[in-house]
Amino acid sequence: SGTVTVDGRDIFALKDEALTIFRRRKIGFVFQQFRLLTGMTALENVALPLALQGIPRDERSERALAVLERVGLSDRANHRPHQLSGGQQQRVAIARAVVTEPCVILADEPTAGLDPAAADSVLELFDRLHRSGHTLVLITHDERAAQCAARRMHLENGCLFG
């Protein structure tokens, strides 16, 4: 029981359409399996959430390229997912999650299946995002990733401990 308040709004009080708009604008999702669209370039994948918000094409390309630069992938902007390594795909997925400047980023097992160097790169990026004011909720079984968190909580048998 309880409430979830994000950016001053009780999200449980929102109707379906308002909740959809809220998620689109305030929450960035990083999926465990990346969920990049294979027919689109890295730039197009990152720009997609901006298109859903009705941002004009030139502005969304500019913003998407700037975020790809932040994650160290501006040189791979025109590559499709199959042309990227797992770590690069994960960074594209992270760029897509943050391009709308959400206040909360939810990341599901973001280091799963990545080699140690790629995992370190993702964790360094998350640290930079956290220091720049983003709230990150990282769901992980990776103890090394969990050690990087400012605050850790454990979910066990449906109970949250922290």
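The values are calculated or read from the model by the stated rules, or taken from the named source; none is laboratory data. What you see is a predicted model, and the numbers here were worked out from it, not measured in a lab. Cβ placement follows ideal geometry from the backbone for every residue including glycine, while neighbour counts extend to all protein chains displayed. Note: accessible area is taken over every heavy atom of the protein model, side chains too, but ligands, DNA and RNA are not part of it. Shrake-Rupley method; radii C 1.70, N 1.55, O 1.52, S 1.80 Å.
Pairing each residue of segment 132-160 that is over 18 Å from Gln90 (Cβ atoms) with any residue that is not in a loop (DSSP other than H, G, I, E, B), provided the two are 6+ apart or on different chains, yields C-beta distances under 6 Å for Thr135/Val104; Arg152/Ala146; Met153/Leu160; His154/Phe161.
Checked against the criterion of being charged (D, E, K, R), out of contact with any Asp or Glu (no Cβ under 6 Å at 6 or more places or on another chain) and crowded, with 21+ Cβ neighbours inside 10 Å, the candidates Arg96, Arg57, Arg76, Arg70 yield just one match: Arg96. Picking from residues in segment 1-38 that are surrounded by fewer than 16 Cβ atoms within 10 Å (Cβ to Cβ) and among the β-branched types (Val, Ile, Thr), the one that is farthest from Val98 (Cα to Cα) is Thr3. Does any residue of segment 9-24 turn out to be more than 27 Å from Glu124 (Cα to Cα), part of a loop (DSSP other than H, G, I, E, B) and free of Cβ contacts under 8 Å to residues at least 40 places away in the same chain? Yes, there is a match, as at least one residue in segment 9-24 is more than 27 Å from Glu124 (Cα to Cα), part of a loop (DSSP other than H, G, I, E, B) and free of Cβ contacts under 8 Å to residues at least 40 places away in the same chain. If you go through segment 101-132 and keep only what is among the β-branched types (Val, Ile, Thr), out of contact with any Asp or Glu (no Cβ under 7 Å at 6 or more places or on another chain) and open to solvent by less than 20 Å² (accessible area, probe 1.4 Å), you end up with Ile105, Val122.
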